[in-house]
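The structure appears right after this line, and notes come after that.
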Protein chains: 2
Amino acid sequence: MDQLSATFAALADPTRRAILARLTEGPATVKELSEPFAISGPAISKHLRVLEKAGLITRGREAQWRPCQLDATPLKEVAVWAENYRRFWDASYARLDELLTEMKETD
Amino acid sequence: MDQLSATFAALADPTRRAILARLTEGPATVKELSEPFAISGPAISKHLRVLEKAGLITRGREAQWRPCQLDATPLKEVAVWAENYRRFWDASYARLDELLTEMKETD
DNA sequence: CTCGTACCTAACCACTTGGTTATCTAACCT
DNA sequence: AGGTTAGATAACCAAGTGGTTAGGTACGAG
């Protein structure tokens, strides 16, 4: 799977987005990350593996803890991709686009 | 499923992103959209339904054609969401962030 | 009216996903 | 050495996904 698809897929889950949001406040252990959620440890482990494979987090090793840290670089690609559609969600740009199309047709 | 999750899930497929890219050039029929891909019609229909449920396209009715049109408004939410992480992928911001954390700790 | 075209639905298949419980390893603390 | 804690792995399950083929509907053309 390509990088962008993996990133989008990883972000398509509210739990994983909440984990990323938590990690903006700094590194955290698996236990800390799991506390806000009413799901089991293994479920969190799976989410973390998805995030790790998408390159959105990195994991260290400190005694019996495996601290997670945010790596937002894949999100840059997401932002760039979305920005390419800005003129299509901005109404004024959309109207300008229509106008340009008309002008091209009646040229 | 929440709007943002639905949007990310819809975008997590290269075929669907290619369809959106094609629709930036203007409306298209299902047939036209399916042409670049080596997959069956029903497969395209399923992709279009995913995009429609995510609010990324709208579909009309013209004789035997069902023209698809891009609706990029959900992408605005994606762009806004990603922008919140800008300071984490921009190295200079990251260093600034570290500095601020240090300052807070040694306060 | 009949034929071809555009598109959808239904049924099916292999694979993935998000969750579970149970079991294991590794490290720390008495 | 024994017990507790952090975490991963394995095996399982229900539901979803991306694809298929077969068959149905709706419309335009001859």
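The values are calculated or read from the model by the stated rules, or taken from the named source; none is laboratory data. Computed from a predicted model, the values in this text were never measured in an experiment. Note that we place each Cβ from the backbone using ideal geometry, even for glycine, and neighbour counts take in every protein chain shown. Calculation scope for accessible area: heavy atoms of the full protein, side chains included, ligands and nucleic acids excluded. Shrake-Rupley method; radii C 1.70, N 1.55, O 1.52, S 1.80 Å.
Only residues that are part of a helix (DSSP H, G or I) and over 30 Å from A:Thr15 (Cβ atoms): list them for the stretch B:1-45, please. It would help to see each step written out before you state the result.
We begin by selecting, within the stretch B:1-45, every residue part of a helix (DSSP H, G or I); these are B:3-11, B:14-23, B:30-34, B:41-45.
Listed by number, the residues that qualify are B:Arg22, B:Leu23, B:Val30, B:Lys31, B:Glu32, B:Leu33, B:Ser34, B:Gly41, B:Pro42, B:Ile44, B:Ser45.
With respect to A:Arg49, determine if the residue is at pLDDT 95 or above, of a type in the set (Lys, Arg) and within 18 Å of B:Ser5 (Cα to Cα).
Working: at pLDDT 95 or above: yes; of a type in the set (Lys, Arg): yes; within 18 Å of B:Ser5 (Cα to Cα): no.
Criteria not met by A:Arg49.
For the stretch B:30-38, does any single residue satisfy the condition of being crowded, with 19+ Cβ neighbours inside 10 Å, of a type in the set (S, T, N, Q) and within 11 Å of DNA strand D (Cβ to nearest atom)? Please lay out each step first, then the result.
Start the filter on the stretch B:30-38 by keeping residues that are crowded, with 19+ Cβ neighbours inside 10 Å, which leaves B:33-34.
From what's left, of a type in the set (S, T, N, Q): B:34.
Those still in the list that are within 11 Å of DNA strand D (Cβ to nearest atom) too: B:34.
Within the stretch B:30-38, one or more residues are crowded, with 19+ Cβ neighbours inside 10 Å, of a type in the set (S, T, N, Q) and within 11 Å of DNA strand D (Cβ to nearest atom).
Criterion first (within 11 Å of chain B (Cβ to nearest Cβ), without any contact (Cβ under 8 Å) to a residue 12 or more places away in the chain and assigned to a helix (DSSP H, G or I)) does A:Phe88 satisfy it?
yes
May I ask you to list the residues in the stretch B:1-57 that are more than 9 Å from chain A (Cβ to nearest Cβ) and touching a residue at least 60 places away in the same chain (Cβ under 8 Å)?
Within the stretch B:1-57, B:Gln3 is the sole residue that qualifies.
Scan the stretch A:44-67 residue by residue and report those that are of a type in the set (A, V, I, L, M, F, W, C), open to solvent by less than 30 Å² (accessible area, probe 1.4 Å) and more than 8 Å from DNA strand D (Cβ to nearest atom).
Start the filter on the stretch A:44-67 by keeping residues that are of a type in the set (A, V, I, L, M, F, W, C), which leaves A:44, A:48, A:50-51, A:54, A:56-57, A:63, A:65.
Now restrict to residues that are open to solvent by less than 30 Å² (accessible area, probe 1.4 Å): A:44, A:48, A:51, A:54, A:56-57.
Correct list: A:Leu51, A:Ala54, A:Leu56, A:Ile57.
If a residue has to be more than 15 Å from DNA strand D (Cβ to nearest atom) and either among the aliphatic types (A, V, I, L, M) or open to solvent by less than 60 Å² (accessible area, probe 1.4 Å) (or both) to count, how many in the stretch A:68-78 make the cut?
Initially, the stretch A:68-78 is screened for residues more than 15 Å from DNA strand D (Cβ to nearest atom), giving A:70-78.
Next cut, either among the aliphatic types (A, V, I, L, M) or open to solvent by less than 60 Å² (accessible area, probe 1.4 Å) (or both) only: A:70-72, A:74-75, A:78.
Qualifying residue count, the stretch A:68-78: 6.
Kindly indicate whether any position in the stretch B:79-96 is under 30 Å from A:Ala21 (Cβ atoms), among the β-branched types (Val, Ile, Thr), more than 16 Å from DNA strand C (Cβ to nearest atom) and open to solvent by less than 90 Å² (accessible area, probe 1.4 Å).
The first filter runs over the stretch B:79-96 and keeps only residues under 30 Å from A:Ala21 (Cβ atoms), leaving B:79-96.
Filter once more, so that each one left must be among the β-branched types (Val, Ile, Thr): B:80.
From what is left, the residues that are more than 16 Å from DNA strand C (Cβ to nearest atom) are B:80.
Within this subset, residues satisfying the condition of being open to solvent by less than 90 Å² (accessible area, probe 1.4 Å) are B:80.
There is at least one residue in the stretch B:79-96 that is under 30 Å from A:Ala21 (Cβ atoms), among the β-branched types (Val, Ile, Thr), more than 16 Å from DNA strand C (Cβ to nearest atom) and open to solvent by less than 90 Å² (accessible area, probe 1.4 Å).
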